[in-house]
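The next block holds one structure in the form of C-alpha cells; read it before the comments.
The values are calculated or read from the model by the stated rules, or taken from the named source; none is laboratory data. Here the structure is a predicted model, which is why all the values come from computation and not from measurement. Here the Cβ positions follow ideal geometry from the backbone for every residue, glycine too, while neighbour counts run over all protein chains shown.
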Amino acid sequence: MSLHPNLQPLFDTVLRRNPGESEFHQAVHEVLHSLGSVVDKHPEYLAFAAVERLCEPERQIIFRVPWLDDNGDVQINRAYRVEFNSALGPYKGGMRFHPTVSSGIIKFLGFEQTFKNALTGMPIGGGKGGSDFDPKGKSRLEIMRFCQSMMTELYRHIGEYTDVPAGDIGVGEQEIGFLFGQFKRITNRYEAGVLTGKGLSYGGSMVRTEATGFGTVFFVREMLKETNRTIEGRSAVVSGSGNVAIHAAQKAQELGATVIGVSDSSGYVHDPRGIDIALLRQVKLVEGARISEYAERRASAKYEDGGNIWSIKTDIALPCATQNELNGDSAQMLVDNGVRVVAEGANMPCTPEAVRIFRENKVLFGPGKAANAGGVATSALEMQQNASRDSWDFDYTEHKLDEIMTGIHERCAAAAEEYGHPGDLVTGANIAGFVRVAQAMHSIGVV
Ligand code: NDP
C-alpha cells in the first residue's frame, strides 16, 4: 500500500535506520498509511517533525544478563528496554521473556505502545522491553536469579517518574515480584509505582491481571453496539491460553457468548459445548500444562496438534497469542465461515493481508492498540493507587476499565469520522493516538 508522498521519505528513513526489523517496519507502515489525511489537514505536524521523531525511540538500552542455572552453569541472555516516547508521561509498557525477542520486536511493541497509551487518555508515554530468556522449563529459582540479574542493570533506567515496566508474554505476577524485590533491595526505596502488575499483597491493583482480556471484550461489545447487536448468543474463538486469552474467554462467556476454541503454540482445542474456564485455568495457570491436557479431561473437547484454530467456524474471533499469528489465508477462512467481529487481544496478531481481507468483507475489526489497551490502562490505575497509597475494590476498578474501553472506542470512531474514514477503527485508532502525542510534542518543543 502506497504512502502519502510526504510520508514515504520518512518511511524510507525508518527502513534504512532499522535494517532487517520487519515487524517494526510493518507497525510503522500501518500507522503512516493512516496519517495521510492528518498531514493534509495539519501540515504543521510535518514542519516540527512529529512523525520522524515518533519513529525514532528516545532511548534504547541493550544489556547482558548473566545468571546461574540450577547446575551452577553460567547462562547469558540479552535484554532490552526501548524508551520510545515520553511526551505524555513516563515511558510505560511491558517486558516480554521469549526466545524470539529481538531489537526489532521490542521496537515494534514500543512504537505501538506509544499510540495505545495515548488512546487511553491517561498520562503515560510509551516503552517496551524484554529478553530472549525462555522461562519455559526453568525452575522458580532459575527465574528468580534471572530476574534479579536483569534488574541489577535495569534499575538505573526506570522509576515511577521515568519508566514503568509491566508484564507481557512470559512475564506475569511471579516475575514482576522478583523484579520488584531486587529493585527495592538495590535502591533501598519502596517505590511501588516503579512496576505494575504487582501482586495484591504489595501494591498491585485489582483487575490488572484480567484487564487486557476483559478490556478486549468490552471493546467488542462497543463495536457490536454500533450496529445494534450484542455479544450474547454468539460463538467466539480465542487464540492462545495465556493471561490475555483466558480472561478474554472468561469475559466473553460472562457476557453470554460461547467460547468454542482456545490454543497454545502446540495446537488448539475445539469445544463446541463452550470452554470450561475453571478447567482451562487449572491446566494452564495452575499446572502450566499444554492445552492438549484440557482435551484429555473434557469429553466434549477435541485437540488438534498443530492445525489452524481459525478453521473453526465462529461469529467472533479474538487473536490473543502473538504477532502475525493470523494471516491472509486464515482471514479468508474466517470470512468464508461468516465471522462478524475480529478484535486483537494480542499486539499486531493479524498480518496486513488479513486486515485488508477483513476490511474488504466489512467484518468489524478492532485493532490491538485500541482493543487491548485495557491492560496498560489498568496499569495506569495501579500507578494512581500507588501514588495516593490507596487500593480500590474489584467492582470499582472493573467499572473504571469499562469506562476507559468505552472512551477508547468513542475516540477511535470519532477520529475515523472526522478524517473521512467512518467506521474504520484502524485508521481512527492511529489518528487519535497520533494527534494526542503530536500535540503534546508540539507544546513541549524539540526535545
Ligand atoms: P502469555 O505468555 O500469558 O500467553 C501467551 C499465549 O500465547 C500462550 O498460550 C502461548 O502458548 C501462546 N503463543 C505464543 N506464541 C504462539 C504462537 N506462535 N502460536 C500460537 N500460540 C502462541 O502472554 P499474554 O497473554 O500476556 O500476551 C499475549 C499477547 O497479548 C501478546 O501479543 C502481548 O504482547 C499482548 N498483550 C498483553 C498484555 C498483558 O497485559 N499481558 C497487554 C496488551 C497486549 P505457549 O504457552 O505454547 O507458548
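What number of residues within the stretch 121-179 are part of a strand (DSSP E or B) and farther than 16 Å from ARG189 by Cα?
Applying the first criterion (part of a strand (DSSP E or B)) to the stretch 121-179 yields 126-131, 159, 163-166, 168, 171.
Retained after the next criterion (residues that are farther than 16 Å from ARG189 by Cα): 126-131, 165-166, 168, 171.
Matching residues across the stretch 121-179 total 10.
Given the condition of a type in the set (D, E, K, R), in contact with a Gly (Cβ under 6 Å, 6 or more places away or on another chain), part of a helix (DSSP H, G or I) and within 16 Å of the ligand (Cβ to nearest atom), answer yes or no: does some residue in the stretch 190-203 qualify? Scanning the stretch 190-203 turns up no residue that is of a type in the set (D, E, K, R), in contact with a Gly (Cβ under 6 Å, 6 or more places away or on another chain), part of a helix (DSSP H, G or I) and within 16 Å of the ligand (Cβ to nearest atom). Checked against (1) surrounded by 20 or more Cβ atoms within 10 Å (Cβ to Cβ); (2) within 16 Å of the ligand (Cβ to nearest atom); (3) farther than 27 Å from ASP276 by Cα, THR351 passes all but condition (1).
The conditions of being over 16 Å from ALA236 (Cα atoms), part of a strand (DSSP E or B) and either more than 10 Å from the ligand (Cβ to nearest atom) or among the acidic types (Asp, Glu) (or both) are not met by GLU293. Contact annotation: residue pairs with Cβ atoms under 6 Å, 6 or more positions apart or on different chains, pairing a residue in the stretch 212-224 that is closer than 9 Å to LYS251 by Cβ and among the polar types (S, T, N, Q) with a partner that is assigned to a helix (DSSP H, G or I) and within 16 Å of the ligand (Cβ to nearest atom), are THR216/ALA248; THR216/ALA371.
What residue, of LYS369, LYS362, is of a type in the set (Lys, Arg) and either assigned to a loop (DSSP other than H, G, I, E, B) or over 21 Å from ALA236 (Cα atoms) (or both)?
Working: LYS369 fails: either assigned to a loop (DSSP other than H, G, I, E, B) or over 21 Å from ALA236 (Cα atoms) (or both).
Step by step, each of LYS369, LYS362 is checked, and only LYS362 is of a type in the set (Lys, Arg) and either assigned to a loop (DSSP other than H, G, I, E, B) or over 21 Å from ALA236 (Cα atoms) (or both).
Among the residues making up the stretch 15-33, those that are assigned to a helix (DSSP H, G or I) and not charged (D, E, K, R) are LEU15, SER22, PHE24, HIS25, GLN26, ALA27, VAL28, HIS29, VAL31, LEU32, HIS33. The single condition among (1) surrounded by fewer than 22 Cβ atoms within 10 Å (Cβ to Cβ); (2) over 30 Å from GLU382 (Cα atoms) that LEU35 does not satisfy is (1).
Is it the case that TYR190 is without any contact (Cβ under 8 Å) to a residue 12 or more places away in the chain and either surrounded by 16 or more Cβ atoms within 10 Å (Cβ to Cβ) or among the hydroxyl-bearing types (Ser, Thr, Tyr) (or both)?
Numbers: without any contact (Cβ under 8 Å) to a residue 12 or more places away in the chain: yes; either surrounded by 16 or more Cβ atoms within 10 Å (Cβ to Cβ) or among the hydroxyl-bearing types (Ser, Thr, Tyr) (or both): yes.
Yes.
The single condition from (1) away from the ligand (no atom under 15 Å from the Cβ); (2) crowded, with 19+ Cβ neighbours inside 10 Å; (3) hydrophobic (A, V, I, L, M, F, W, C) that ILE176 fails is (1). Could you tell me whether any residue of the stretch 207-216 is within 23 Å of LYS369 (Cα to Cα), part of a loop (DSSP other than H, G, I, E, B), aliphatic (A, V, I, L, M) and modelled with pLDDT of 95 or more? Yes: one or more hits. Restricted to the stretch 320-347, and to residues there that are surrounded by fewer than 24 Cβ atoms within 10 Å (Cβ to Cβ), within 20 Å of the chain's Cα centre (by Cα) and not hydroxyl-bearing (Ser, Thr, Tyr), the residue that is farthest from the ligand (Cβ to nearest atom) is ASN327. Consider the stretch 218-249. How many of its residues are within 16 Å of the ligand (Cβ to nearest atom) and either in a loop (DSSP other than H, G, I, E, B) or surrounded by fewer than 21 Cβ atoms within 10 Å (Cβ to Cβ) (or both)? Total satisfying the criteria: 3. Filtering the stretch 144-173 to residues that are over 21 Å from SER241 (Cα atoms), within 23 Å of the chain's Cα centre (by Cα) and within 16 Å of the ligand (Cβ to nearest atom) leaves CYS147, VAL164, PRO165. Checking each residue in the stretch 55-113 for being surrounded by fewer than 22 Cβ atoms within 10 Å (Cβ to Cβ) and of a type in the set (Lys, Arg) picks out ARG59, ARG64, ARG78.
Against the numbered list (1) in a loop (DSSP other than H, G, I, E, B); (2) closer than 30 Å to GLU21 by Cα, SER330 comes up short only at (1).
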